Amino acid sequence: MKSYWLNIPVADIKRTRAFYNGIGLEFHQGNSDDNMTGLKVGSQMLMFFNKSVLESRTGMSFTDTDDGNEFIVSFDLESNEEVDQLAVNVERSGGEVLEQPRQSHGYYGFAFKDPDGHLFNVIVM
């Protein structure tokens, strides 16, 4: 395999762009319209699609994140200070910090939900 990416269903692409830009991440300008947008993290892509687009392409419905989640995306940052700032940016941008940054299991980090309820874990390794 040459590469991989995640296709993540969202309710509103504009809200998704605003949230992730607000926490300090930038979207790839190439593959972006009102139904999808791509965010490069390190060398990998997170692709966000309007939920209805993914459902029509797959013929399946996706998990209601109010009832549960199927995965957690984890990010590795360089420093505790970057972790702390990201937690502030998540709250300012409309996400939900699930646990404040702290030392746990040998790592410093925190967990959050984006506006669509997707779960993320952020740590310093």
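The values are calculated or read from the model by the stated rules, or taken from the named source; none is laboratory data. Quick caveat, the model's predicted, so the values are computed rather than measured. Don't worry about glycine lacking a Cβ; one is built from the backbone with ideal geometry, like all the others, and counts go over all protein chains shown.
If the condition is being under 14 Å from the mean Cα position of the chain (by Cα) and surrounded by fewer than 18 Cβ atoms within 10 Å (Cβ to Cβ), then region 1-13 contributes W5, L6, N7, A11, D12. Going by the structure shown, is V41 surrounded by 13 or more Cβ atoms within 10 Å (Cβ to Cβ) and modelled with pLDDT of 95 or more? No; evaluated as a whole, the condition is false for this residue.
Scan region 84-103 for residues that are modelled with pLDDT of 95 or more and not in a helix (DSSP H, G or I) and the total you get is 10. Among the residues of region 65-77, those identified as in contact (Cβ under 8 Å) with a residue 40 or more places away in the chain and either more than 16 Å from the chain's Cα centre (by Cα) or under 10 Å from H118 (Cα atoms) (or both) are T65, D66, N69, F71, I72, V73.
Screening E81, E55 for residues that are of a type in the set (D, E, K, R), surrounded by 10 or more Cβ atoms within 10 Å (Cβ to Cβ) and either touching a Pro at 6+ places or on another chain (Cβ under 8 Å) or touching a residue at least 60 places away in the same chain (Cβ under 8 Å) (or both) leaves exactly one candidate, E55. If only residues of region 105-124 that are touching a Gly at 6+ places or on another chain (Cβ under 7 Å) and assigned to a strand (DSSP E or B) are counted, the one that is farthest from K51 (Cα to Cα) is V124. Determine whether region 68-76 contains at least one residue that is surrounded by 10 or more Cβ atoms within 10 Å (Cβ to Cβ) and among the acidic types (D, E). Yes. Filtering region 1-40 to residues that are hydrophobic (A, V, I, L, M, F, W, C) and either more than 20 Å from T65 (Cβ to Cβ) or touching an Asp or Glu at 6+ places or on another chain (Cβ under 7 Å) (or both) leaves M1, V10, A11, I13, F19, F27. Pairs meeting the criteria (first residue in region 97-121 and more than 20 Å from E78 (Cβ to Cβ) and without any contact (Cβ under 8 Å) to a residue 60 or more places away in the chain, second residue of a type in the set (V, I, T) and buried (at least 16 other Cβ atoms within 10 Å of the Cβ), beta carbons under 7 Å, at least 6 apart or on different chains) are G117/T65.
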